[in-house]
Every structure is written in structure tokens, then in C-alpha cells.
Amino acid sequence: MRPLPSGRRKTRGISLGLFALCLAAARCLQSQGVSLYIPQAAINATVKEDILLSVEYSCHGVPTIEWTYSSNWGTQKIVEWKPGTQANISQSHKDRVCTFDNGSIQLFSVGVRDSGYYVITVTERLGSSQFGTIVLHVSEILYEDLHFVAVILAFLAAVAAVLISLMWVCNKCAYKFQRKRRHKLKESTTEEIELEDVEC
């Protein structure tokens, strides 16, 4: 192989130097990007409960934070804000969302329809962004059903107690009636025996 002319070597060295410089700049920008931490990626809740969707982020400058919601009912934007400024909350979640400067949000009085995927996107001023997902499952309270069953069982127990009492009273009455009847039969038999004795 022939050695390259000195002019070509110079151009090749400059282009490799530029390439290395670009790689270093990209690494530097990447290390300054957004990092996002979600301590609890799945949350189970019951109806009417207040839920905290907790996150923490770190980045340079003030980012834009956006929460969206996705489920069987569709996808919608919940809230968007920059920490320290007024939050832009959607009409569907007005008076149900509280935002925090660390990126977390709190949902008040959740319902079954609130079950789904909550996606947070943290976007830095330079354009780099990071997103994370929290799965929320909301179930209905079973205590109401158990309360209904307990009331029905108490009602049935009360009816059974009344029936047992009535049976006891009926049994006593029947016993007294039979006793009176036996007493009358005994008297009538003794009267008949006395009449027979008198006739003889």
C-alpha cells in the first residue's frame, strides 16, 4: 500500500479530530440531559382515595413538565407547567389535581375511570426530554357489599328469633289446652263412674 500524500493525511487528521470533538460534546450534552426517577411505578387504590403520583427529576434550568393519561377511555392531557409558574390544568381534571415543583401530582377523589397509564414528560429548555409511566389501578370498595350482606344476615337472624319465640308460645298454649282437655275428660269420666255407681 502506498503512503498517502501529506495533504490528505492532514485532512484526515482534522476530520478525526472534529469527529472526536463532536463525540465529546454529545457525551457532555447527554450527561447534562434530564434524569427522571419514579419511586413507585404501579399504584393500587380504592374509590374516593387521594393518590400521589410521585416523581423526581434533575436537569439544568427550568424544564416543562407534562402529565398525560391513557386508558380504554382514550388519551388526554392532564396538566402542563414549569416549576414556579401557574399550572395549565385541563378541564377534565380541574379542581382534582395539585402540582408540585418536583414534578409530582396529586389526584383527589379517584374513581374507577381514573385507572390507566399516567405518563410524565420532562422537557429541558434545550430540547432533551425524558418520560416515565405510572400505572394506576382503582378498585371499588367491597365494604359496602359486606355491609349489605351483614344487614341481611342480621335481619334473617331477627326473623328466626321471632319465629322461634312464636313456636315456643304456641307450644305452651297447646300444652295448656291439652292439659285443660285432659282435666275435663278426667272430670267427665269420674262423673260417669259416679253416676253408674249411684244407679247400681
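Observations on the model:
- If you go through segment 116-168 and pick out every residue that is farther than 30 Å from Ile105 by Cβ and of a type in the set (A, V, I, L, M, F, W, C), you end up with 21.
- Exactly one residue out of Val162, Val110, Val122 is in a strand (DSSP E or B) and either among the polar types (S, T, N, Q) or at pLDDT below 95 (or both), and it is Val122.
- Of the residues contained in segment 145-159, none is found to be open to solvent by less than 80 Å² (accessible area, probe 1.4 Å), part of a strand (DSSP E or B) and either modelled with pLDDT under 90 or not aromatic (Phe, Trp, Tyr) (or both).
- Here His147 qualifies as without any contact (Cβ under 8 Å) to a residue 12 or more places away in the chain and not small (Gly, Ala, Ser).
The values are calculated or read from the model by the stated rules, or taken from the named source; none is laboratory data. Small disclaimer: the values here were computed from a predicted structure and weren't measured. Note: ideal-geometry Cβ built from the backbone for every residue, glycine included; neighbour counts use all protein chains shown. Only protein heavy atoms, including side chains, enter the accessible area calculation; ligands, DNA and RNA are left aside. Shrake-Rupley method; radii C 1.70, N 1.55, O 1.52, S 1.80 Å.
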